[in-house]
Amino acid sequence: QKEVEQNSGPLSVPEGAIASLNCTYSDRGSQSFFWYRQYSGKSPELIMSIYSNGDKEDGRFTAQLNKASQYVSLLIRDSQPSDSATYLCAVYSSASKIIFGSGTRLSIRP
Amino acid sequence: DVKVTQSSRYLVKRTGEKVFLECVQDMDHENMFWYRQDPGLGLRLIYFSYDVKMKEKGDIPEGYSVSREKKERFSLILESASTNQTSMYLCASSREPQAFFGQGTRLTVV
């Protein structure tokens with residue numbers, strides 16, 4: 001079992017709709033969870049972090065964490081073409097490592 | 001702003017060469033990481049360091065070594081480059097728990 005798992009996609013969403021990205025992790029001791037966005041040919045950039053169960057909202061982005069189910073998600077409201085990118089879920093593990101999922105490719109169609 | 005700088009954006013090396021990839025951060029972060037990114041495999045952790053002269057193996061350390069003589073600098077060394085080490089290499093630094101990435105080095109081994 002991979003430590004951090006994501007559906008690779010591609011996920012195609014119409015402009016203006018909600019994009020929903022999901023991630024599961026295996027280390028129950030993990031305390032910190034992140035979503036990075038990576039455009040083609042660029043480095044990952046941090047867009048959301050979440051540390052406690054529940055929802056965290058920042059503009060059009062909402063991160064959701066459920067530690068009992070070992071599940072993290074990212075919702076993007078009012079999707080824009082500029083949101084087309086690969087989204088990486090990352091977990092700060094109990095071994096002080098930052099482990100990434102393989103990423104989900106998101107495509108926003110006009 | 002956090003700045004993580006990798007010494008080269010593109011590198012071409014021959015099989016068997018010793019290759020040095022350098023990474024410098026300017027925010028006095030304790031933790032530094034080296035990842036490689038390959039299509040469909042996401043970011044895989046090679047080595048990380050949580051202090052000067054300290055290093056820990058990640059998930060794929062074989063064929064690599066690292067050096068951290070100063071807090072701001074973390075070097076990745078390919079002892080004898082091979083074609084299967086052709087990849088994008090990403091350095092990151094972190095003051096727990098968020099990580100910030102350099103621009104990446106695309107290494108081609110011929």
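The values are calculated or read from the model by the stated rules, or taken from the named source; none is laboratory data. These numbers were taken from a predicted model, which means no experiment stands behind them. Note: ideal-geometry Cβ built from the backbone for every residue, glycine included; neighbour counts use all protein chains shown.
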(message) Would you confirm, using the coordinates I've provided, whether A:Gly9 is in contact with a Lys or Arg (Cβ under 8 Å, 6 or more places away or on another chain) and either surrounded by 15 or more Cβ atoms within 10 Å (Cβ to Cβ) or not basic (Lys, Arg) (or both)?
(response) yes
(message) Tell me yes or no: at least one residue of region B:9-17 is within 14 Å of chain A (Cβ to nearest Cβ), buried (at least 16 other Cβ atoms within 10 Å of the Cβ) and either modelled with pLDDT under 95 or closer than 23 Å to A:Ser49 by Cβ (or both).
(response) no
(message) Looking at B:Ile60, B:Ile46 in this structure, which one is touching a Gly at 6+ places or on another chain (Cβ under 7 Å), under 18 Å from B:Asn84 (Cα atoms) and surrounded by 14 or more Cβ atoms within 10 Å (Cβ to Cβ)?
(response) B:Ile46
(message) Pairs needed: first member in region B:86-110, facing chain A (nearest Cβ under 9 Å) and closer than 19 Å to A:Ser49 by Cβ; second member anywhere, assigned to a loop (DSSP other than H, G, I, E, B) and not polar (S, T, N, Q); C-beta distance under 7 Å; at least 6 residues apart or different chains.
(response) B:Leu90/B:Gly102; B:Leu90/B:Gly104; B:Ser94/B:His29; B:Phe100/B:Val2; B:Phe101/A:Pro44
(request) Go through region A:49-108 and count every residue that is without any contact (Cβ under 8 Å) to a residue 40 or more places away in the chain, assigned to a loop (DSSP other than H, G, I, E, B), under 21 Å from A:Gln38 (Cβ atoms) and in contact with a strand residue (DSSP E or B) (Cβ under 8 Å, 6 or more places away or on another chain). (result) 3
(request) Quickly run through region B:19-42 and pick out the residues that are at pLDDT 95 or above and among the acidic types (Asp, Glu). (result) B:Glu22
